[in-house]
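Just so it is clear, none of the values below were taken in a lab; they were calculated from the coordinates. Small disclaimer: the values here were computed from a predicted structure and weren't measured. So basically every Cβ, Gly included, is an ideal-geometry build from the backbone, and we count neighbours across all protein chains shown.
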Amino acid sequence: MVVLSQPALDHYTLIKTCKPASVFTGIPVINLGDPEAKTLIVKACEEYGFFKLVNHGVPMEFMIRLETEALKFFNLPQSEKDKAGPPDPFGYGSKRIGPNGDVGWIEYLLLNTNPQVTSLKTLTIFRQNPEIFRSSAVNDYILAVKRMAFEVLDLMAEGLKIEPRNALSRLLRDEKSDSCFRLNYYPPCPELQALSGRNLIGFGEHTDPQIISVLRSNNTSGLQICLRDGTWVSVPPDQTSFFINVGDALQVMTNGRLRSVRHRVLAESLKSRVSMIYFGGPPLTEKIAPLPSLVAKGEESLYKEFTWWEYKTSAYKSRLADYRLGLFEKNAGH
């Protein structure tokens, strides 16, 4: 057992811990080439808000190259990494998540994916670290993942019988789409052994506010999702596949039929975890409301109409674990 001195323990005082959860083997696995994919995607999103995607068409070399570049960046001296921060929200961040006091055992880079509105911070990262962070590694990966995300959303629209077929994907294809890309690095924490069987929380529980999230990580465990009954389960890692999350905006557009999934990440004691997430968001001025074709005759719309900018602004003012959609439900108390 490792005995820690008090100063070392102080390092963790703000970061919460929790017990490891049981490994969940029931996560739906969907083959993008399966003729039944559209039906299976809808079923998975209704039951879990989450599924694993295989045969996705994104070259493995793109994933490995970007992971290698990310590790080079995160292994730089702290003073070098700090030049790419503090986040505004784009750029490099460490420990602090958002502006409202949330912290985790994490370092990250948040980048804008839209060339029309690329942030100065994003450009600075590439300029200051040209040999470390070749922007082509990021761009090749994001382009491939975007294409795959568009296809998933088109299949989802088909499965939900939404017309036209691109009703969902067009919001991400739009040149003003407010999408972003995040590289998360969870350093190993050998001192975890001193925490009596509990794990440090790398990224606290939350739902993603956007339409869809596309996650790829290395082979280190840590991701957990919350099932409908409130049970937290551990997702077996798979570095060759993608995990797709339903976001809050999609929950609203489907009038609650598809549910955004609560998830969190725990830090590992011996291995680092690297994850890369594409968050597909609509243009800031896009009105978000239940799609008429998904509100049955005589059924009520559960949500007020709002713009993506309104929801994003509200979410950014909240804590990670807050139920952010509550303010936008029709039965909300104001």
Of Arg262, Arg228, Arg273, the one that fluctuates the most in a GNM where the chain has Cα springs shorter than 10 Å
Arg228
Just to be sure I understand: with springs between alpha-carbon atoms less than 10 Å apart, which residue in Glu300, Glu47, Glu310 has the highest mean-square fluctuation in the Gaussian network model of the chain?
Glu300
If I fit a long axis through the Cα atoms of helix 135-160 and take the longest principal axis of the Cα atoms of the chain, what angle between them do I get, 0 to 90°, rounded to 10?
30 degrees
With springs only between Cα atoms under 10 Å, which of Glu46, Glu61, Glu107 fluctuates most in a Gaussian network model of the chain?
Glu61
How large is ³J(HN,Hα), in whole Hz, for each residue of the range 171-182 in order, when computed from phi with the Karplus curve 6.51 cos²θ - 1.76 cosθ + 1.60 and θ = phi - 60°, using x for Gly and Pro?
5, 8, 6, 3, 5, 9, 3, 9, 9, 9, 9, 10
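From the helices alone, meaning DSSP H stretches of at least four residues, give me the mean residue ellipticity at 222 nm for the chain, per-run term -39500 (n - 2.57), in deg cm²/dmol to the nearest 500.
On the way: 9 runs with 91 residues, N = 334.
So the helix-based figure for the chain works out to -8000 deg cm²/dmol.
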For helix 37-47, report the angle its Cα long axis makes with the longest principal axis of the Cα atoms of the chain; keep it between 0 and 90° and round to the nearest 10°.
70 degrees
Phi to ³J(HN,Hα) by Karplus 6.51 cos²θ - 1.76 cosθ + 1.60 over the range 298-315, Hz, x for Gly, Pro:
x, 8, 8, 6, 7, 10, 6, 6, 8, 8, 4, 4, 4, 5, 4, 4, 5, 5
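At a 10 angstrom cut-off on C-beta neighbours, averaged per residue, how do the peptides 18-25, 79-86, 175-182 rank from highest to lowest?
Working: 18-25: 12.5, 79-86: 14.9, 175-182: 18.9.
In decreasing order of mean packing, 18-25, 79-86, 175-182 become 175-182, 79-86, 18-25.
Please give the contour-minus-distance gain from Asp229 to Asp322: 0.36 nm per residue of separation, less the Cα-Cα distance, rounded to one decimal in nm.
Numbers: separation 93, 0.36 × 93 = 33.48 nm, distance 1.81 nm.
Fully extending the segment from Asp229 to Asp322 adds 31.7 nm.
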Amide H contacts under 5 Å for Ile212, restricted to residues at least 5 apart in sequence or on another chain and with H modeled in the peptide plane, are Gly247, Gly280
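Measure up Lys52/Lys287; Lys16/Lys271; Lys38/Lys146; Lys297/Lys330; Lys19/Lys271; Lys176/Lys304 against 25 Å on the Cα-Cα distance and list the ones that go over.
Working: Lys52/Lys287 29 Å; Lys16/Lys271 19 Å; Lys38/Lys146 18 Å; Lys297/Lys330 18 Å; Lys19/Lys271 18 Å; Lys176/Lys304 23 Å.
From Lys52/Lys287; Lys16/Lys271; Lys38/Lys146; Lys297/Lys330; Lys19/Lys271; Lys176/Lys304, over 25 Å: Lys52/Lys287.
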Reachable aspartates and glutamates from Lys83, criterion Cα separation under 18 angstrom, eight or more residues apart if same chain:
Glu69, Glu107, Glu131
To the nearest 10 degrees, the tilt of helix 60-74 (Cα long axis) against the first principal axis of the alpha carbons of the chain is 50 degrees
Take each of the peptides 248-254, 32-38, average the number of other beta-carbon atoms within 10 Å over its residues, and list them starting from the highest.
248-254, 32-38
Please list, in chain and number order, the residues 5+ apart from Thr307 or on another chain whose amide H is under 5 Å from its amide H, with Hs placed from the backbone.
Ile288
Rounded to whole angstroms and listed largest first, the alpha-carbon spread of the range 255-326 along its three principal axes comes to 55, 24, 21
Around Leu302: net Lys/Arg minus Asp/Glu count, Cβ-Cβ under 14 Å
-1
